[in-house]
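The values are calculated or read from the model by the stated rules, or taken from the named source; none is laboratory data. What you see is a predicted model; the values in this text were computed from it and never measured. All Cβ positions, even for glycine, are placed from backbone atoms using ideal geometry, and neighbour counts span all protein chains on display. Heavy atoms of the whole protein, side chains included, go into the accessibility calculation; ligands, DNA and RNA do not. Shrake-Rupley method; radii C 1.70, N 1.55, O 1.52, S 1.80 Å.
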Amino acid sequence: MNPVTNCLRRTWSWIKLRFMMLFDLCCGYEDEVDVEANNNKNDMSGQKKSSAGVPAANAQPVVHKVIMVGSGGVGKSALTLQFMYDEFVEEYEPTKADSYRKKVVLDGAECSIDILDTAGQEDYSAIRDNYYRSGEGFVCVFSITDNESFEATNEFREQILRVKSDHPSVPIMLVGNKADLNVERSVSMATAQARAEQWNVPYIETSAKDRSNVDKVFYDLMREIKQRKGGTLTGGANSSMAGTGQGERRKKKKCTIL
Ligand SMILES: Nc1nc2c(ncn2[C@@H]2O[C@H](COP(=O)(O)OP(=O)(O)OP(=O)(O)O)[C@@H](O)[C@H]2O)c(=O)[nH]1
Ligand SMILES: [Mg+2]
């Protein structure tokens, strides 16, 4: 990717993110809207339907909110940019926080995905809580060539579970990136799979460089988020949805006057 284009994209996404955070501050969403009540209004695709069962004319496509987490340099931005623009960024520029939105068709239904690409660098760890709050699903990335980044995934997961303590079965995917560098591998597939089983989440190996499994990560996660919104997933092996099964509650919008 052209460095100038890359820089412009990052600046634009940074500005958008500030606006989104300001909007959240003013009209912060909280979740007391009953998903069960929503289920009556929404079909399995999450599209609002009229009584005739066809999408209402003014129905907005559902937005699934995904957050990229993991140590610095593991490839969170590279995976995001590969998914968004089909491009691989060779140069490493540490992220502060960038947000992206893309319209996709998921199992025949149009929806949007919001991706928040967070900072892996320790300097930004204090602000992670704020970002994690808005996530409906998390991609927890490590590099298969870097054992330390694999060990760090435990901390990232703990932080997610702490912040999302009212959503204990929030979907998480464990992703081992840089699979194209197999000769430099320091985390075996069996070790990573064992951790995923322990967390009860899927494990996927990707390469942002050759695009392998990049779409799979985002689409599988959206599917889990969507099923969760639809309240149909009961949990089980290899699913991060194995939770309480209790009706998930989303918070009501409330306006704060500054
Ligand atoms: N060979 C190879 N290199 C990769 C892959 N993914 C990322 N990289 C490289 O690894 C470096 C870091 O990638 P980034 O995507 O910037 O890492 P990050 O996780 O976003 O890092 P922070 O923003 O600091 O948290 C860059 O030089 C990328 O080109 C991959 O799948 N294969
Ligand atoms: Mg980054």
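Just reorder Lys102, Lys216, Lys96 by solvent-accessible area, largest first, 1.4 Å probe, all chains present. All intermediate terms of the calculation are to be shown ahead of the outcome.
Numbers: Lys102 55, Lys216 95, Lys96 120 Å².
Solvent-accessible surface, decreasing: Lys96, Lys216, Lys102.
Which value, in Å² and to the nearest 10, is the accessible area of Glu197 when all protein chains are kept and the probe is 1.4 Å?
Counting only protein heavy atoms, the figure is 140 Å².
Just going by the charge dipole of region 63-233, with Lys and Arg at +1 and Asp and Glu at -1 on Cβ, which of Thr80, Val187, Ile225 is farthest out on the positive end?
Ile225
Counting Lys +1, Arg +1, Asp -1, Glu -1, what net charge surrounds Val163 among other residues with beta carbon under 9 Å of its beta carbon?
Working: positive: Arg128, Arg133, Arg162, Lys164; negative: Asp129.
Local net charge: +3.
Could you provide, to the nearest whole Å², the per residue accessible area of region 63-233 with probe 1.4 Å? List each step's numbers first, then the result.
Working: 7050 Å² over 171 residues.
I get 41 Å² per residue for region 63-233.
So what is the relative contact order of region 63-233, in percent, for Cα pairs below 8 Å that sit 6 or more residues apart?
Contact order relative to length: 26 percent.
Around Thr191, with a cut-off of 15 angstrom between Cβ atoms, what is the net charge of the other residues, counting Lys and Arg +1 and Asp and Glu -1?
-3
Please give the net charge around Val214, taking every other residue with its beta carbon less than 13 angstrom from that of Val214, where Lys and Arg add +1 and Asp and Glu add -1.
-1
From the protein chains alone at 1.4 Å, what is the descending order of accessible area for Met222, Met84, largest first? List each step's numbers first, then the result.
On the way: Met222 0, Met84 25 Å².
Solvent-accessible surface, decreasing: Met84, Met222.
Leaving ligands and nucleic acids out of the surface, order Glu136, Glu122, Glu93 by accessible area at 1.4 Å, largest first.
Largest to smallest exposure gives the sequence Glu122, Glu93, Glu136.
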